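I have placed the structure first, in the form of structure tokens, so that the comments after it can refer back to it.
The values are calculated or read from the model by the stated rules, or taken from the named source; none is laboratory data. Keep in mind the model is a prediction, meaning the values are calculated, not measured. Using ideal geometry, Cβ is built from the backbone for each residue, glycine included, and neighbour counts are taken over all protein chains shown. These accessible areas exclude ligands, DNA and RNA; they are computed on the full protein's heavy atoms, side chains included. Shrake-Rupley method; radii C 1.70, N 1.55, O 1.52, S 1.80 Å.
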Amino acid sequence: MDYEHYFGKRIADLKAEGRYRIFADLERQRGRFPLALNHHRDGTTHEVVVWCSNDYLGMGQHEAVVAAAKEAADRCGAGAGGTRNISGTNHYHVLLEEEVAAWNNKDAALLFTSGYVANQTALSTLGATLPGCVIFSDELNHNSMIEGIRHSRAPKHIFRHNDPESLDEALSAYPRETPKLVAFESVYSMDGDIAPLAELCDVAERHGAMTFLDEVHAAGMYGAEGSGVAERDGVRDRITIIQGTLAKAVGVVGGYIAASAACVDYVRSFGPGFIFSSSPPPMVAAAALASIRYLRRHPELRDRHQERAATCKRRLREHGIPVLPSVSHIVPVMVGNAALCKQASDLLLEKHGIYVQPINYPTVPVGTERLRITPTPLHDDAMMDHLVGAMLSVWEELDLHKERVKAAE
């Protein structure tokens with residue numbers, strides 16, 4: 001086989017379909033977020049406004065978070081020293097796990113190198129080692145959850161998105177005594193919808209099933225102390241395992257699960273993704289710890305964020321930009337064509353100094369390509385005016401209003 005030819009052909013196919021991803025070379029500037037420097041391949045540099053960051057609250061730039069990282073680096077150095085089991089457990093990891101557990105009103109918590117690894121490890125470990133376990137997964141669950149379930153090799157059933165009746169029907173095929181795990185998210189990041197957590201818990205409890213909730217796009221964002229939608233909806237005590245990330249609203253990197261002491265200890269002791277992974281650097285753990293402590297005490301940051309997201313959606317809709325219905329902080333703008341979505345993103349960056357990445361297949365289904373805008377509390381009214389004007393200009397230049405009419409027909 002001509003391997004190089006095969007690799008090149010597949011990449012050429014991606015480019016022809018308009019799905020080839022080119023990374024913008026951005027340099028975040030502490031204290032100036034959401035502004036960043038875009039380093040172009042021709043050697044020039046221009047300032048841009050970032051409108052698609054998952055640093056939802058700008059905590060990656062917060063002075064308390066940066067100071068904590070610096071202090072820990074000075075005290076402990078750059079790395080953790082290895083896996084947690086051998087030489088990589090630092091006191092900052094212990095403190096952070098205690099904070100995460102308290103934040104989620106659970107007995108214990110366990111850190112991972114990313115939210116992806118947290119999902120994959122926890123779900124694969126539980127599915128593979130609980131005798132006879134059957135997993136039930138929402139059809140729009142994240143790839144990390146899908147991969148965890150797949151690697152578990154446990155029998156699985158996919159239920160209709162956010163549909164308690166569909167879940168009930170799937171669970172009803174098994175006796176109550178069969179071990180079962182129901183996996184779903186709170187905020188779905190591409191459409192911006194939120195799961196009916198209480199109703200899903202009702203169904204799971206009727207059938208004796210555990211629940212696994214991914215709060216990745218909600219941790220830091222919802223609830224009085226910001227731990228997520230489960231806190232906001234008053235159902236944390238009904239969720240068996242809460243999973244989240246430290247890389248989005250917390251503003252750093254890493255992931256976690258929070259659950260009973262026995263459950264967390266079980267995953268810690270049997271989960272390969274935890275056992276064989278080096279632990280996060282102490283400075284990362286210290287930064288995340290400072291961020292969570294700040295978020296728990298400052299609900300006004302979440303209030304401001306919700307206002308900014310609502311204002312952005314309203315203003316774009318007022319000008320005919322097709323914002324999908326969203327009850328969360330996500331602002332999905334439908335394009336429906338991979339090539340046009342990429343062109344729109346390029347024009348926003350090159351002509352208007354606005355960075356919004358195109359979201360194409362396989363992240364979303366073919367025909368639902370979109371721009372995913374994530375306003376933060378730090379996007380002011382002038383930036384909002386600039387965004388709306390730029391979007392209108394791009395929509396006219398690419399004749400996207402006509403494209404949406406054709407798609408509807």
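To keep it simple, each residue is scored yes or no on (1) open to solvent by less than 10 Å² (accessible area, probe 1.4 Å); (2) over 20 Å from Ile158 (Cα atoms); (3) in contact with a His (Cβ under 9 Å, 6 or more places away or on another chain).
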residue: Glu99; (1), (2), (3): no, yes, no
residue: Asp107; (1), (2), (3): no, yes, no
residue: Ser114; (1), (2), (3): no, yes, no
residue: Asn119; (1), (2), (3): yes, no, yes
residue: Leu130; (1), (2), (3): no, no, no
### Query
Looking at Glu185, is it surrounded by fewer than 18 Cβ atoms within 10 Å (Cβ to Cβ), at pLDDT 95 or above and acidic (Asp, Glu)?
no
### Query
Do we have any residue at all in region 63-78 that's part of a helix (DSSP H, G or I), acidic (Asp, Glu) and surrounded by 19 or more Cβ atoms within 10 Å (Cβ to Cβ)?
no
### Query
Only one residue in Gly18, Gly82 is open to solvent by less than 60 Å² (accessible area, probe 1.4 Å), out of contact with any Pro (no Cβ under 8 Å at 6 or more places or on another chain) and under 22 Å from Ala288 (Cβ atoms). Which one?
Gly82
### Message
I'm checking my understanding of the structure. Among residues of region 360-397 that are among the β-branched types (Val, Ile, Thr) and open to solvent by 10 Å² or more (accessible area, probe 1.4 Å), which one is nearest to Gln29 (Cα to Cα)?
### Response
Thr363
## Note on the structure
Those residues of region 280-293 that are crowded, with 24+ Cβ neighbours inside 10 Å and either touching a Leu at 6+ places or on another chain (Cβ under 7 Å) or basic (Lys, Arg) (or both) come to a total of 4
### Extreme residue, nearest to Leu392 (Cα to Cα), among residues of region 297-338 that are assigned to a loop (DSSP other than H, G, I, E, B) and open to solvent by less than 10 Å² (accessible area, probe 1.4 Å)
Ile321
### Task
Would you check if Glu177 is part of a loop (DSSP other than H, G, I, E, B), farther than 26 Å from Arg304 by Cβ and open to solvent by 10 Å² or more (accessible area, probe 1.4 Å)?
yes
### Query
Hey, among the residues in region 139-174 that are in contact with a Ser or Thr (Cβ under 9 Å, 6 or more places away or on another chain), of a type in the set (A, V, I, L, M) and open to solvent by 60 Å² or more (accessible area, probe 1.4 Å), which one's nearest to Asp202 (Cα to Cα)?
Ile158
### Message
Looking at Tyr294, Tyr266, can you tell me which residue is farther than 28 Å from Phe159 by Cα, aromatic (Phe, Trp, Tyr) and part of a helix (DSSP H, G or I)?
### Response
Tyr294
### Query
Does Ser277 fit the bill of being in contact (Cβ under 8 Å) with a residue 24 or more places away in the chain, closer than 21 Å to Asn90 by Cα and hydroxyl-bearing (Ser, Thr, Tyr)?
yes
### Task
Kindly indicate the residue of region 27-62 that is assigned to a loop (DSSP other than H, G, I, E, B), of a type in the set (Lys, Arg) and closer than 27 Å to Ile330 by Cβ and also least open to solvent (accessible area, probe 1.4 Å) among those meeting that condition.
Arg32
## Note on the structure
Here the residues within region 255-279 that are over 13 Å from Gln120 (Cα atoms) and surrounded by 22 or more Cβ atoms within 10 Å (Cβ to Cβ) are Ala258, Ala259, Val264, Ser279
### Query
Does Thr211 satisfy being among the polar types (S, T, N, Q), in contact with a Leu (Cβ under 8 Å, 6 or more places away or on another chain) and modelled with pLDDT of 95 or more?
yes
